[in-house]
């Protein structure tokens, strides 16, 4: 991608297999063992030491010096700047002794180039963020502080080495947008840029992966990594490939893999990629015809109609699990007599019925999934985005299809799997940035070896955080939100309402429209209009309702005259399991010193409270809300803190379980020479 390409031809990988090319394309570092016991305590101390305030202070002084020294290049001609950049690039490419000492000079030059080619001159805090990324930190940068430009500076330094550099973004739209908008900057520096999306074929992917800096998503790069290993079969190591080429030179598979290797990764929205998405591994699968299973899933869904909650089965809302009672097991045994032979076995029939009950009780349309063109499409609960290429495992997807009365798809056969935790730990150089990292700093360091460094804002944040409003029931909360949106809308201030599901967003939009308030709706169904909706969300009088995506990765800029009115007002319709996601939503306003305000609305029957707050405590809170007791706010905050801590502990245990399973599989299959399950 890109109109101007001044990159060195040696960056492009030739079709001929050479030992050095193959080694770089296929070699991966073995992830280090996770620290345990006393080692973990010492290791945690090292992480805290690396992220201490003294490190930040020294690095900030460096950034200020770089920003000041960049001014001396303002009157240099473009040709002179290119010559200076080419000289430094040669040092990086050849790794001449002392090349690391030229980092300050390089960043000063890149600062000047950014202003000339992009019209954006990096602030000292952005240069500070670039230094942190180059040195392997996770930089916590507030929303609107220019993370896209910040990532470009260390990406150029990585690209100059000739090794692959990948910038991991939140979605395909951001990958394409950033690769295109930043291409003039990269081209001037002698680096080619590409991007990989879910819609690209193998040849297009291969051509883009040859570029110096590649923008893509975590799912795409991991899927391509796994597919490459599967294509190469038992010859997925450089030594095996070289031996095979020597034995069978005419049969060598020179074009078998699409990637040119992995070396450096800069992860944008790192909390979403490295924490939230890490709950489940990425699995490469293919459909496998199994009419017996699909028919059994359909009949099992019909059978669940005769089972009663609490009598035949119990719903564990906290863990999202279904367990059969003794009466339920006896009833299931009788019901399943008509199933095919395989499914009449004790464990098989119970697994089948439990999956059907799980689909009926815990998976809801317009929340966990949507229906599009007669297909069940999964919705990511953390981002609100659709994931059309993913399916649930172990018959759950077929059970949901049976519940909706849709044509059932064939179950999938697993070809390869790998967790995101393990994958990102095989990069030689990993760094990241996000607006919300403090809550998970210990996990970032323990799992990925990423110390967290909080980058100060360029201008002071003047956002007003209003106290949460607490209600007994959802309907009262919804009506209160509508009334507040109406009153704020009358002042001309724009309003952004964040919801947790497609259904909640559509219900609120309908209520607002009934009151004569026009609003824009951004959810998994309307994702194609995301850029246009987000661009208009800061205009005077705008009312925008959005699921968790909320235009993540894009800025909501205030329209003319909005700052005088008080800026954007953000409403959280419900709190999330993680305080990080709440802070991401709140960070949509008051960027770069702009005014703004936020407020959350919670009710006792919110999903978060129902799952993670004990029933007696919920009753105490409900009674306090009814009476209007003075201590209601304090009780609500205690319940919220308790619920979020419990939810995060559970999520961490799930992520740890995924990583441990992945590590066990890698150890168990180590004799195959592959780090993936097949």
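The values are calculated or read from the model by the stated rules, or taken from the named source; none is laboratory data. Computed from a predicted model, the values in this text were never measured in an experiment. Note: ideal-geometry Cβ built from the backbone for every residue, glycine included; neighbour counts use all protein chains shown.
Here is a yes/no grid of residues against (1) in contact with a strand residue (DSSP E or B) (Cβ under 7 Å, 6 or more places away or on another chain); (2) modelled with pLDDT under 90; (3) farther than 22 Å from residue 589 by Cα:
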| site | (1), (2), (3) |
| --- | --- |
| 503 | no, yes, yes |
| 512 | yes, no, no |
| 516 | no, no, yes |
| 521 | yes, yes, no |
| 525 | yes, yes, yes |
| 528 | no, yes, yes |
| 540 | no, no, no |
| 545 | yes, no, no |
Just to be sure I understand, how many residues within the stretch 249-275 are at pLDDT below 85 and either in contact with a strand residue (DSSP E or B) (Cβ under 7 Å, 6 or more places away or on another chain) or buried (at least 20 other Cβ atoms within 10 Å of the Cβ) (or both)?
1
Could you count how many residues in the stretch 96-110 are at pLDDT 95 or above and farther than 13 Å from residue 157 by Cα?
0
Just checking, does the stretch 605-612 include any residue being surrounded by 20 or more Cβ atoms within 10 Å (Cβ to Cβ) and in contact with a strand residue (DSSP E or B) (Cβ under 7 Å, 6 or more places away or on another chain)?
no
I'm checking my understanding of the structure. Among residues of the stretch 138-156 that are buried (at least 24 other Cβ atoms within 10 Å of the Cβ) and more than 18 Å from the chain's Cα centre (by Cα), which one is farthest from residue 270 (Cα to Cα)?
156
Say whether the condition of being surrounded by fewer than 17 Cβ atoms within 10 Å (Cβ to Cβ), free of Cβ contacts under 8 Å to residues at least 40 places away in the same chain and over 19 Å from the mean Cα position of the chain (by Cα) is met by at least one residue in the stretch 460-476.
yes
Failed criterion for residue 61 (all others in (1) surrounded by fewer than 16 Cβ atoms within 10 Å (Cβ to Cβ); (2) under 14 Å from residue 121 (Cβ atoms) hold)
(2)
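Among the listed residues 545, 564, which satisfies the condition of being buried (at least 22 other Cβ atoms within 10 Å of the Cβ) and closer than 24 Å to residue 463 by Cβ? Don't jump to the end; show me each part of the working.
Values: 564 fails: buried (at least 22 other Cβ atoms within 10 Å of the Cβ).
It is 545.
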May I ask you to say which residue of 123, 137 is touching a residue at least 12 places away in the same chain (Cβ under 8 Å) and either at positive phi or touching a strand residue (DSSP E or B) at 6+ places or on another chain (Cβ under 7 Å) (or both)?
137
Looking at the stretch 270-285, is at least one residue touching a helix residue (DSSP H, G or I) at 6+ places or on another chain (Cβ under 9 Å), in a strand (DSSP E or B) and under 30 Å from residue 149 (Cβ atoms)?
yes
Within the stretch 94-137, track down each residue that is over 23 Å from the mean Cα position of the chain (by Cα) and within 17 Å of residue 435 (Cβ to Cβ).
123, 125, 128
Tell me which helices (runs of 4 or more DSSP H) are completely within the stretch 114-191 and hold 3 or more residues being farther than 20 Å from residue 262 by Cα and modelled with pLDDT of 95 or more, or say none if there are none.
124-134, 183-188
Out of all the residues in the stretch 223-234, is one or more surrounded by fewer than 18 Cβ atoms within 10 Å (Cβ to Cβ), over 24 Å from the mean Cα position of the chain (by Cα) and at pLDDT below 75?
yes
Which condition breaks for residue 581 when tested against (1) over 21 Å from residue 477 (Cα atoms); (2) in the same structural domain as residue 472 (by TED's automatic domain parsing)?
(1)
Can you run down the residue pairs with Cβ atoms below 6 Å, 6 or more apart or on separate chains, where the first is in the stretch 29-45 and over 16 Å from residue 426 (Cα atoms) and the partner is modelled with pLDDT of 85 or more?
35/43
Selection count, the stretch 300-326, where residues are on the phi < 0 side of the Ramachandran plot and surrounded by fewer than 18 Cβ atoms within 10 Å (Cβ to Cβ):
16
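Yes/no per residue for (1) farther than 30 Å from residue 444 by Cβ; (2) under 27 Å from the mean Cα position of the chain (by Cα); (3) not assigned by TED's automatic domain parsing to the domain that holds residue 156:
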position: 28; (1), (2), (3): no, yes, no
position: 34; (1), (2), (3): no, yes, no
position: 57; (1), (2), (3): no, no, no
position: 61; (1), (2), (3): no, no, no
position: 67; (1), (2), (3): no, no, no
position: 72; (1), (2), (3): yes, no, no
position: 76; (1), (2), (3): yes, no, no
position: 89; (1), (2), (3): yes, no, no
Of the residues 334, 359, only one is surrounded by fewer than 18 Cβ atoms within 10 Å (Cβ to Cβ) and outside any loop (DSSP other than H, G, I, E, B); which?
334
Tell me which helices (runs of 4 or more DSSP H) are completely within the stretch 598-678 and hold 3 or more residues being at pLDDT 85 or above and under 30 Å from residue 229 (Cα atoms), or say none if there are none.
632-668
Test of understanding: among 192, 181, 197, which residue is within 18 Å of the chain's Cα centre (by Cα) and either surrounded by fewer than 24 Cβ atoms within 10 Å (Cβ to Cβ) or outside the structural domain of residue 223 (by TED's automatic domain parsing) (or both)?
197
